[in-house]
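In what follows, a structure is listed as structure tokens, so that the remarks can point back to it.
The values are calculated or read from the model by the stated rules, or taken from the named source; none is laboratory data. Since the model is a prediction, treat every value here as computed from it, not as a measurement. Here the Cβ positions follow ideal geometry from the backbone for every residue, glycine too, while neighbour counts run over all protein chains shown. When the accessible area is computed, the model is the full protein with side chains, heavy atoms only, and any ligands, DNA or RNA have been set aside. Shrake-Rupley method; radii C 1.70, N 1.55, O 1.52, S 1.80 Å.
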Amino acid sequence: MKTKQIFLSAFILIQLSCFTSKLTAQKNSKIKVFTTAENSNLKLSLSNDLISNNNTTQQKKSTVSIKIDTGKTDQTFIGIGGAITDASAEVFAKLSPKRQKEFLAAYYDKNKGIGYTLARTNIHSCDFSSDSYTYVSEGDKELKTFNIDHDRKYRIPLIKKAIETAGGKLTLFVSPWSPPAFMKDNNDILHGGVLLPEFASSWALYYAKFIKAYEKEGIPVWGLTIQNEPMAKQRWESCIYTPEAERDFLKNYLGPTLEKEGLGSKKIIIWDHNRGDMLEKRANLVFSDPEVSKYTWGIGFHWYETWNGGPPQFESVAKVHESFPNKNLIFTEGCIEKFDASKYQFWGNAERYGLNMLNDFNNGTVAWTDWNILLDQNGGPNHVGNFCFAPIHADTTKDELIYTPMYYYIGHFSKFIRPNAKRVLETVSDKSLLSTSFKNSDGQLIIIVMNQSEKEIVYSLENQNVKNTITIPAHAIQTIVY
């Protein structure tokens, strides 16, 4: 009898021990930490060992606190992605089928890759094309010769494969770099110039024909920007629109034409240029005029305002969001300029992405679009020698893909924050860390934390009644998933 009691007691203790272990495992499994860090093997790596309260032998004291307030939310997230340009498509076509499959999964598979849900593409040529081209014959004002045969060779097949890999849906917006040469006062598709008034109707119809042609190919178009960088006279495809010219073209031609063509539901985005004068010179002019504002979904912006050595002007994004909370902010382009193959793994490039994405989201941005998704070992092709970096490069001579740190930093956002997520407000006690938080529609909470300093930082993460102490290495970014 005594032996049976001893056996029973031992059995109960074992069961209690197992139950306690399960509870501990469940508690620990409620939070996951993914880390990418310089001078380490951590690349979007699960790293729960950095939660110090999971390790009773090594408790750490936090120096920074991040407090999440799930009761307060802001903008609704649409997506993150990159531009599928002619250059990207031409490089992709040079890869072996095996590498193509790897590349597509790396960007568009949310399990195997970083889950892009957004894309941009160019309306006829841009600088990241092998040459300049349009979809009509020279002088064809009535657009009778319009066709997109050029895009069927490289770009359309890649976009279709991206959509398929992304699960059948990709939010795509389109942008022109210039009207055809004959529609401009300088008779040149390059070097700026302005749209001639007598071609405004033809040019507005050109957008509609492009959208319809792509949709006939099975590629849904969600939205469009009016003009890429409308205040920049570039040596490549470009066209100048003053704020008033863009407003009038939208009000009198583009908006009504899209409605007439049955495309009134497409999201029209103004500006599509650098942060800075967004509010004073564009948003106020367009969004304050009901006759124009009715056509606009929001305002797009780039990050190149730093070209002259000044700081990023994140405050201009915040001002637009505060002044026009019913309009949307979308980051439409950014890349690391001046390609240099020796800097593929330069960490500062990745941190530039992290800094911009964190600040843009915290200032109300709903979507974020990188520039080229793929370039070759020379930073191109580009028909004017404007070679740049992409998150992934291909060495087409070796059939190899080169993943830069930028790819992983973007992935800390795109892999975890899903469309329709709501940004959740938070408080960070110290500027040594940057952070943003989102709540996915399934209730999952996502927090991204970045450390640009030379030292590891221990921080406390407080979400309602749950508090965790986490270490972030020097020059690192983390995604915490609840």
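Annotation: of all residues in segment 130-150 being touching a residue at least 60 places away in the same chain (Cβ under 8 Å) and under 26 Å from Pro381 (Cβ atoms), the one that is nearest to the chain's Cα centre (by Cα) is Ser130.
Across segment 420-461, the qualifying residues are those that are of a type in the set (Lys, Arg) and more than 21 Å from the chain's Cα centre (by Cα), and the one among them that is least open to solvent (accessible area, probe 1.4 Å) is Lys455. Looking at segment 34-54, can you tell me whether even one residue there is within 14 Å of Thr469 (Cα to Cα), modelled with pLDDT of 95 or more and not in a helix (DSSP H, G or I)? There is at least one residue in segment 34-54 that is within 14 Å of Thr469 (Cα to Cα), modelled with pLDDT of 95 or more and not in a helix (DSSP H, G or I). Every test in (1) open to solvent by 30 Å² or more (accessible area, probe 1.4 Å); (2) touching a Phe, Trp or Tyr at 6+ places or on another chain (Cβ under 7 Å); (3) of a type outside the set (Lys, Arg); (4) more than 30 Å from Leu95 (Cα to Cα) is passed by Thr165 save one, and that test is (4). Across segment 435-463, the number of residues qualifying as touching a residue at least 60 places away in the same chain (Cβ under 8 Å) and either closer than 11 Å to Val64 by Cβ or of a type in the set (Gly, Ala, Ser) (or both) comes to 8. A Cβ distance below 7 Å, combined with a sequence gap of six or more or placement on separate chains, defines the contacts here; from segment 392-406, residues that are farther than 13 Å from Phe346 by Cβ reach residues that are of a type in the set (D, E, K, R) and assigned to a loop (DSSP other than H, G, I, E, B) in the pairs Thr396/Lys94. Could you run through segment 333-364 and say how many residues are touching a Leu at 6+ places or on another chain (Cβ under 6 Å) and either over 18 Å from Ile114 (Cβ atoms) or modelled with pLDDT under 95 (or both)? Here the count works out to 1. Of the helices (runs of 4 or more DSSP H) lying entirely inside segment 72-155, the ones with 1 or more residues being open to solvent by 60 Å² or more (accessible area, probe 1.4 Å) are found at 97-108, 149-152. Filtering segment 240-256 to residues that are assigned to a helix (DSSP H, G or I) and either of a type outside the set (Lys, Arg) or without any contact (Cβ under 8 Å) to a residue 12 or more places away in the chain (or both) leaves Pro243, Glu244, Ala245, Glu246, Asp248, Phe249, Leu250, Asn252, Tyr253, Leu254, Gly255, Pro256.
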